[in-house]
1. Would a scan of region B:347-365 turn up a residue that is touching a helix residue (DSSP H, G or I) at 6+ places or on another chain (Cβ under 6 Å), among the charged types (D, E, K, R) and within 29 Å of residue B:26 (Cβ to Cβ)?
2. Residue check: is residue A:121 at pLDDT 95 or above, of a type in the set (D, E, K, R) and over 22 Å from residue A:254 (Cβ atoms)?
3. For region A:147-185, which residues satisfy the criterion of being without any contact (Cβ under 8 Å) to a residue 12 or more places away in the chain and within 13 Å of residue A:104 (Cα to Cα)?
4. Across region B:79-95, which residue is farthest from residue B:20 (Cα to Cα) among those that are within 14 Å of another protein chain (Cβ to nearest Cβ) and not charged (D, E, K, R)?
5. Can you pull out the residues in region B:317-334 that are modelled with pLDDT of 95 or more and either in a strand (DSSP E or B) or buried (at least 21 other Cβ atoms within 10 Å of the Cβ) (or both)?
6. Only one of these conditions is not met by residue A:346: (1) surrounded by fewer than 17 Cβ atoms within 10 Å (Cβ to Cβ); (2) of a type in the set (Phe, Trp, Tyr); (3) under 23 Å from residue A:232 (Cα atoms). Which number is it?
7. For region B:62-78, does any single residue satisfy the condition of being more than 14 Å from chain A (Cβ to nearest Cβ) and in contact with a Gly (Cβ under 7 Å, 6 or more places away or on another chain)?
Amino acid sequence: MLLVVFQQVEKTHAISKGGDYVERTTIEPWIVDETTHEFFVPDYIEQLADEVLQSYDLSVKSRQIVTTKPDKGGAIWKLETNRGSKSLKLLHRRPTRSLFSLGAQQYLVEVREARVPPIIKTKDGENYVEAGGKLWFVAEWIEPLAPVTKDLEGAKQLCYALGEFHRLSKGYTPPKQAEVASRVRKWPKSYQKMITKMTWFRNIANAYKDMPASPSLLEVVDEFAEQAKRGLERLHQSSYAELSKLGNAYWGLVHQDYGWSNGQMGENGMWIIDLDGIAFDLPIRDLRKLISGTMADLYRWDVTWVREMIEAYDEANPLTPELYEILLIDLAMPNEFYKNIKEIVYEPELFLGEQTKQLIQTIVETDQSKWPVLEDIQTDWKGRR
Amino acid sequence: MKILMVCTEKLPVPPLLGGAIQTYISGILPYLRPFHDITVLGISNPSLPDEETIDGIHYVRVPGKVFEIYRNSVVRYIEANEFDLIHIFNRPRLVLPIRQAAPQAKLILSMHNDMFDPEKIDLEEANEVIATVSGIVTVSNYVGNAIRELYPQAATKIRIIYSGVDTARFLPGTHQKMQKIRNELRKAHGLENKTVILFAGRLSRNKGVDKLLEALPELAKKHKELALVIIGSKWFSENKVNDYVAYVRALAEKLPIPVVTTGFVAPDEIQHWFAAADLFVCTSQWQEPLARVHYEAMAAGLPIVTTARGGNPEVILANENGLVVENPEDPNGFVTAISQLLSDKSRMKKMGEKGRELAVSMYTWDRVASELLEVWEQAEEVTQPTLEQAHAGEVTSEPLEAIKESPKEEKSEQETKEKEEKAKKKAKKKANEAAKEMAKQAGRDDDATTTNETKKKTKKEKRQPFILSSSYTENASDKKKGKGDPPFIIG
């Protein structure tokens, strides 16, 4: 009966791809506190994991939780099975969004032979199982993997691998049922958001004038807001609009969370893991994040590092002068200031303490060394094609 | 006619969780019910049955939330059930799938916002949608214009029907029904002797309540005893905190005046807060279709400060029922406008009275419903006219009793193409006539011109009696239950 079936859906929420009803609960974020151990996962999720694994032709000898996202409702387990080590992932994102990432991972492995973990198929030949209103999947556990060294050589290895990844990701077409995750056309919007939030920072610092960090924040926020405004103007004057029209498949995918832990050295080269947040974008966004993050770790901008990181990337995925210009524009945005201050809205009274005062000082000092570097590399791509 | 109203995939009807479209549908149903056999198709909700008949309206609820899932459920339902007219709310992307499932039905589309924007629907699909619907109803001129600009060919199909408000529920705080509630609410929240500014809406950058919070320190310097009430949660009933909400809270905490944040208020209690307030402020920053809260504020007799964005100014008679802030990104615009009102209490009072007057005379649900009935009755076929369709047109304009007769039998009597055309014209005339009648039945006086037009219609048509059949609805729903069970597929 029509009605009965619909009722079942409402209450069941989750069905495996093969059509078997798996369970009755919806996965929600969970609370961790002093009473829970480091990688606590609620029992019902562990039970769901048991059921999910039934869909695989694997005999699981052991299952160990290796990381969790309790605030979002995600988790990763390491499995030892009759077919070697595997990972089991509970993806916290909307199922339709996860479909996009899974499709990308499959494309990278099967079509482009990229060094990303192959997805293990279910008994029904599917990439995933739906349970608890979320998607789960099993992938190869790549061993051995070791982080590259935290020096310029390591940084260059990361950059080369990133370029390679971007190049191989071109041409991806998401499955029909998937949401298309694309940031290609969203740059002006995210720049604008940064500008807007600078106003928020100022307004909050004004409202909480008496806090230790407020005067420092008020002292510098206008300058950073100006940087962001200039960035948006430059973006509008650049070839961005033209470039973005080239479309999603042309540009391929960005990882969005790339760095020393998600790019690691394996036996036959660099592997890129944790692709859940993958999205279409101009590729240099990952590169920009890697550079500005690395400079923040150095507490200063170093022209040799920046130049060689870009060169290493360019070797694997050549940058056109137009794209290089966008990279320069993005590097000039007040990324680190924004990233570190945006938490202010949550608990201004806790945030605006001595520690943040120190943090602002560090950011400002690091920022001062950025401008000569950007100046230096400004013309590096002149005449290139 | 046998009519299906297709809601969006977001929120259930009745509007347990609020929602402009859901409120709109619920508001007009009582006035539509006497004239047609109506089914409302919407999303399921744990607290509502998947199928029920209340006050002669048949409700069917299918899985939703995600558009694709909802679309599939809707299509499956329509494949298994026949309707003369399907009215789709704010989802142009449902139109083509529905057209495929119901090749013969007339389709009407209601547009409540910018779902025709190129990011929301492909150009090609939009063109097909516009071609296949009989009419497009918009909630404001702004929404209609936006569609016309993108798709000029839609112009002849677009009709504005401003939304409405339950003026018996939203009442001024001075109304005898509300006095006690007003006093109690104000007392409970420490608002006695305060001039209460009310904001009601989602906490989002688009809705812009932060600009009001920015304006308040300045206003508090100029005017004594101010207070602010913020009704609204982030996403209807969910009280999740994102960065914007956190920002707004951070600002509110430091304001020199009392701020009452209500969180989610059940839709059937929201009028209490309107009655407890003294001034209504809408701070919308985006090109808003036309926010419902304006009607509610008017009905509650509140003077309004709103922004020159989207359709909002369309319901403001400047200086009569409110003021429009031209440049809402700048908090000073709100300082100036609000200050103007607060400095002249008698003007505030007059504006509130004017608002109430407008609400009662122009923005009631029965007016909305009668305009919609006109749209339904006047809806023309857009597919190639076949005998069947021409006839369906005629049948629909007859009193409901006539629908019980088998249209197929009658169809065979009509043979020539000529007759068919005639029948169509006649049906249209009758439809006009019927719509006027219905408007009257619904208790609304039409303006003089339309009444004169009505008089021109043939006497024969005028004499057609209206027979309201509620039993028909029940029969229909019984029939539906007997229909085959469509297969269930999960995407």
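The values are calculated or read from the model by the stated rules, or taken from the named source; none is laboratory data. Remember, it's a predicted structure, so these values are computed and weren't measured experimentally. With ideal geometry, Cβ positions are generated from the backbone for all residues, glycine too; neighbour counts draw on all protein chains shown.
1. Taking region B:347-365 and keeping what is touching a helix residue (DSSP H, G or I) at 6+ places or on another chain (Cβ under 6 Å), we get B:348, B:355, B:358-359, B:363, B:365.
Among the residues that remain, those that are also among the charged types (D, E, K, R) are: none.
No, because not a single residue in region B:347-365 is touching a helix residue (DSSP H, G or I) at 6+ places or on another chain (Cβ under 6 Å), among the charged types (D, E, K, R) and within 29 Å of residue B:26 (Cβ to Cβ).
2. Values: at pLDDT 95 or above: yes; of a type in the set (D, E, K, R): yes; over 22 Å from residue A:254 (Cβ atoms): yes.
Yes.
3. Going residue by residue through region A:147-185, those that are without any contact (Cβ under 8 Å) to a residue 12 or more places away in the chain are A:149, A:151, A:153, A:176.
A:176 - this is the single residue of region A:147-185 that is without any contact (Cβ under 8 Å) to a residue 12 or more places away in the chain and within 13 Å of residue A:104 (Cα to Cα).
4. Ranking the qualifying residues of region B:79-95, first place goes to B:80.
5. B:321, B:322, B:323, B:324, B:325, B:328, B:331, B:333, B:334, listed by residue number.
6. Only one criterion is unmet by residue A:346, namely (3).
7. Just the residues of region B:62-78 that are more than 14 Å from chain A (Cβ to nearest Cβ), to begin with: none.
Within region B:62-78, not a single residue is more than 14 Å from chain A (Cβ to nearest Cβ) and in contact with a Gly (Cβ under 7 Å, 6 or more places away or on another chain).
Here is a yes/no grid of residues against (1) closer than 23 Å to residue A:280 by Cβ; (2) away from chain B (no Cβ under 11 Å); (3) of a type in the set (Ser, Thr, Tyr):
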{"residue": "A:191", "(1), (2), (3)": "yes, yes, yes"}
{"residue": "A:202", "(1), (2), (3)": "no, no, no"}
{"residue": "A:205", "(1), (2), (3)": "no, no, no"}
{"residue": "A:209", "(1), (2), (3)": "no, no, no"}
{"residue": "A:212", "(1), (2), (3)": "no, yes, no"}
{"residue": "A:215", "(1), (2), (3)": "no, yes, no"}
{"residue": "A:237", "(1), (2), (3)": "no, yes, no"}
{"residue": "A:249", "(1), (2), (3)": "yes, yes, no"}
